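Everything below concerns the one structure shown next.
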Amino acid sequence: MEDITDAEEKLIKECEELWKDMEGCQKKLSLVGTETLTDSNAQLSLLIMQAKCLTAELSQWQKESPEIISLNEEVLVTLGKEEFQKLRVDLELVLSTVQSKNEKLKEDLERVFDELNTKMHDIKEYKEKLLITLGEFLEDHFPLPDGNVKKKKKNVKESTAQLITLHEILEILINRLFDVPHDPYIKIRDSFWPPYIELLLRNGIALRHPEDPTQIRLEAFHQ
């Protein structure tokens, strides 16, 4: 409380000293105002009038008691609470905005994810239909060797039971290409009929490994 009283007394004292100085200036201006001014002193006359206006305004302010912010603990706590409440409102507004944007982003991500799932499902269905159609075409036009071929070549006859269709070979190559794209080559198996392999290589459907001719891969037509 002593600090508050000292601050008030110091402020009042400074105001009184300032008022005395202004009164002195006003007296001097009054004396100057009684003198006759020439045209060359027109600017000085204007300045004198402005000074009188400022003096009158100061006098008006002097009649009012200066408002001193109280340093009382309760007042400071109240002011602090008000500022804290304003800050809280601002932060809640920012939080609400961020949450709204996050919710919108979440909805967009879910929508894109659903769209991708739908596209993947459509692609899988198309792939299955394509493989079925391809299998039917290959079975009609590229069947496995028949009994006549077996009789001509004994080794072919012995391995016929293990041979797989051209459709199955292509499925193996396709799955390898998409499942292990960094290493799409497969080993040529005994179940692969050699004419099928030559057919795929000759038409650019399959490629041999540059260092191992016993391995082949499907040409990456999708790239």
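Would you check which residues across the stretch 176-199 are buried (at least 16 other Cβ atoms within 10 Å of the Cβ), part of a helix (DSSP H, G or I) and without any contact (Cβ under 8 Å) to a residue 40 or more places away in the chain and list them? Across the stretch 176-199, the qualifying residue is only Ile197. Just to be sure, is Thr36 among the β-branched types (Val, Ile, Thr), exposed (fewer than 10 other Cβ atoms within 10 Å of the Cβ), modelled with pLDDT under 75 and not in a helix (DSSP H, G or I)? Taking the combined requirement at face value, the residue satisfies it. Just one of the listed residues (Glu103, Glu115, Glu107, Glu74) is farther than 30 Å from Lys20 by Cα, modelled with pLDDT of 75 or more and surrounded by fewer than 10 Cβ atoms within 10 Å (Cβ to Cβ), and it is Glu74.
The values are calculated or read from the model by the stated rules, or taken from the named source; none is laboratory data. From a predicted model like this one, the values you see are computed outputs, not experimental measurements. Neighbour counts run over all protein chains shown; Cβ positions are idealised from the backbone, glycine included.
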